[in-house]
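The values are calculated or read from the model by the stated rules, or taken from the named source; none is laboratory data. Just so we're clear, the structure is a prediction, and the values are computed from it rather than from any experiment. Positions of Cβ are generated from backbone atoms using ideal geometry, with glycine treated the same way; all protein chains shown enter the neighbour counts. SASA here: full protein model, heavy atoms, side chains in, ligands and nucleic acids out. Shrake-Rupley method; radii C 1.70, N 1.55, O 1.52, S 1.80 Å.
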There are 2 protein chains.
Amino acid sequence: MQTDSALARELRHHYLFCALTDAQQARLLATATARRLAAGEPLFSHGDAAAQFFLLRSGCVKLYRLSPEGDEKVMRLIRPAQTFAESILFMDAPRYPVSGEAVEAAELVAFDRGTFLGILQESFATCQAVMAQMTRRIQAHWDEIETLALQNSRYRVVHYLLGLVPSDARGRFTVTLPTRKVVIAAHVAVTPETLSRTLRSLTDEGLIEVAGDEVTVSDVDRLRRHMH
Amino acid sequence: MQTDSALARELRHHYLFCALTDAQQARLLATATARRLAAGEPLFSHGDAAAQFFLLRSGCVKLYRLSPEGDEKVMRLIRPAQTFAESILFMDAPRYPVSGEAVEAAELVAFDRGTFLGILQESFATCQAVMAQMTRRIQAHWDEIETLALQNSRYRVVHYLLGLVPSDARGRFTVTLPTRKVVIAAHVAVTPETLSRTLRSLTDEGLIEVAGDEVTVSDVDRLRRHMH
DNA sequence: CGCCGCCCTTGACGGCCATCAAGGCGCACA
DNA sequence: TGTGCGCCTTGATGGCCGTCAAGGGCGGCG
């Protein structure tokens, strides 16, 4: 991968890479590759042998699984500056545990597993960063499992909307849905029809206003309390 | 904690601790404490400040969350020789992300967070073991999220039963449910009534036979195929 | 031995949400 | 400007599964 000082700077600000020495960063980039994906283009499939993990620089990628019947569950929506698929680093026989596909044109960097493992061995600080990151991921999973198991679809939609609102926001606040509603529906584990109906009923109750992919929460605190 | 050669031997066979030197193991045990819990006794609550993680030596512990309405979801059932709550190691402000409670009388060892972090710093092999363990946990979470989002209750029950069957088992095979059915129901995210009805319909179809907490799968491969 | 309590089972009922179907709207393209 | 195609919305219907209620089995304890 050719040198790219903008990328080097991005890495310096990323929790996973900020503890690397210049030499380590250079080694990592020497075995990294840049990738561009068109909207809808697949990156890897569930079960594929894996030797790389990724940093998204622009665009949007979904990680998802399909049921045998073809129903899709979006496990995670990746936004720029996020890394994903790090967990293939520590598998004995590394295989992607989900499928990945661009939902809009995307630029990303693919890092080499072996190179990064070698760097980890030299850098406890980076080890810690990786483990902290995996811990956050696990926490998010607990939350999602709880939400899926204990809450209904209306709650999940509200929870998702509130997740788009900064935690310090108050009063009226407008968020932009990160992608098409059909993808969001697959993310909160409902059908597009149910998502549409839920947004309508929230609108009818005066809790939100919807205009295309812009959703305005009339009163953030009220919506937070509303999660009944 | 007083020296306990049986425990020391157990640790030598545990993936998390087998790479420790004798001196490291001694340091770890010097700050560890033994705990005994009666059936139903709580160990920690969701949100508690956390300075220890645990190894279960005997009995059974459930990790769970409660919804505001009081509904319970069992996130994990811990069996002897398993560790849990390791993820508090890497949090900035460590708090247990779930509640833990003995479902039957249990003996466990509580390890000190700070001591273990110090040892990690010296031992990349143990770091790797921890990361590999977290990776397995994350995989299990993907599977559970997929199952909750895309599959119905019947599938989840069958999936749970098959999870109790060794992967190399064929033909007729009998498993023992690890705990009361009401806990298992909270684990597969159904009500006890639905679990009961599902087991009945599987029985009526000749797929399993139920006798108390013993479930005999008539034909393991047939049941595996059956998860349509 | 008899009583009680807990766990599990079974039945009746209802609500949530998926499915099927149709129609509106915006956008690309001719 | 007309046409076609996605995406989203809205309506009608039905099934899964949760809720409520009652009853049976079993172990603990007096």
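Whenever a residue of region A:171-197 is free of Cβ contacts under 8 Å to residues at least 24 places away in the same chain and under 19 Å from A:Leu148 (Cβ atoms), its partners that are open to solvent by 70 Å² or more (accessible area, probe 1.4 Å) and among the basic types (Lys, Arg), lying with C-beta atoms within less than 9 angstrom and at least six residues away or across chains, give the pairs A:Pro192/A:Lys181. A search for C-beta distances below 7 Å between a residue of region B:11-22 that is closer than 16 Å to B:Gln82 by Cβ and any residue that is aliphatic (A, V, I, L, M) and assigned to a helix (DSSP H, G or I), counting only pairs 6+ apart in sequence or on different chains, returns B:Tyr15/B:Ala129; B:Leu16/B:Ala129; B:Leu16/B:Val130; B:Phe17/B:Leu11.
Going by the conditions given, is B:Ala49 outside the structural domain of B:Arg180 (by TED's automatic domain parsing) and loosely packed, with under 13 Cβ neighbours inside 10 Å? So that I can check it myself, show each step before the final result.
Values: outside the structural domain of B:Arg180 (by TED's automatic domain parsing): yes; loosely packed, with under 13 Cβ neighbours inside 10 Å: yes.
Yes: the conditions hold for B:Ala49.
To keep it simple, each residue is scored yes or no on (1) in a strand (DSSP E or B); (2) within 14 Å of chain B (Cβ to nearest Cβ); (3) loosely packed, with under 15 Cβ neighbours inside 10 Å.
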position: A:Glu107; (1), (2), (3): yes, no, no
position: A:Thr115; (1), (2), (3): no, no, no
position: A:Met134; (1), (2), (3): no, yes, no
position: A:Pro166; (1), (2), (3): no, no, yes
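Quick one: count up the residues across region A:81-130 that are farther than 20 Å from B:Gln128 by Cα, free of Cβ contacts under 8 Å to residues at least 60 places away in the same chain and of a type in the set (Gly, Ala, Ser). Of the residues in region A:81-130, 2 are farther than 20 Å from B:Gln128 by Cα, free of Cβ contacts under 8 Å to residues at least 60 places away in the same chain and of a type in the set (Gly, Ala, Ser). Considering the conditions (1) among the hydrophobic types (A, V, I, L, M, F, W, C); (2) within 13 Å of chain B (Cβ to nearest Cβ); (3) in contact (Cβ under 8 Å) with a residue 24 or more places away in the chain, A:Ile145 is excluded by exactly one of them, (3). In summary, B:Asp221 fulfils each of the numbered conditions (1) loosely packed, with under 15 Cβ neighbours inside 10 Å; (2) within 14 Å of chain A (Cβ to nearest Cβ); (3) away from DNA strand C (no atom under 16 Å from the Cβ) with the single exception of condition (2). Tell me which residues, restricted to region B:76-102, are surrounded by fewer than 22 Cβ atoms within 10 Å (Cβ to Cβ) and under 20 Å from B:Arg156 (Cβ atoms). Of everything in region B:76-102, those that are surrounded by fewer than 22 Cβ atoms within 10 Å (Cβ to Cβ) and under 20 Å from B:Arg156 (Cβ atoms) turn out to be B:Arg76, B:Leu77, B:Arg79.
Looking across region A:134-173, just one residue is within 15 Å of DNA strand C (Cβ to nearest atom), farther than 24 Å from B:Ala85 by Cα and out of contact with any helix residue (DSSP H, G or I) (no Cβ under 9 Å at 6 or more places or on another chain), and that is A:Asn152. Against the numbered list (1) of a type outside the set (Gly, Ala, Ser); (2) assigned to a helix (DSSP H, G or I); (3) touching a strand residue (DSSP E or B) at 6+ places or on another chain (Cβ under 9 Å); (4) within 16 Å of DNA strand D (Cβ to nearest atom), B:Glu209 comes up short only at (2).
Just checking, does region A:121-132 include any residue being under 30 Å from A:Asp204 (Cβ atoms), more than 7 Å from chain B (Cβ to nearest Cβ) and not β-branched (Val, Ile, Thr)? Quick ask: steps written out before the conclusion?
Step one: filter region A:121-132 for residues under 30 Å from A:Asp204 (Cβ atoms), giving none.
No, because not a single residue in region A:121-132 is under 30 Å from A:Asp204 (Cβ atoms), more than 7 Å from chain B (Cβ to nearest Cβ) and not β-branched (Val, Ile, Thr).
In the set (1) within 15 Å of DNA strand D (Cβ to nearest atom); (2) part of a loop (DSSP other than H, G, I, E, B); (3) small (Gly, Ala, Ser), B:Ser201 fails one condition alone, (2). Would you check if there is a residue in region A:182-196 being open to solvent by 10 Å² or more (accessible area, probe 1.4 Å), at positive phi and not aromatic (Phe, Trp, Tyr)? Yes.
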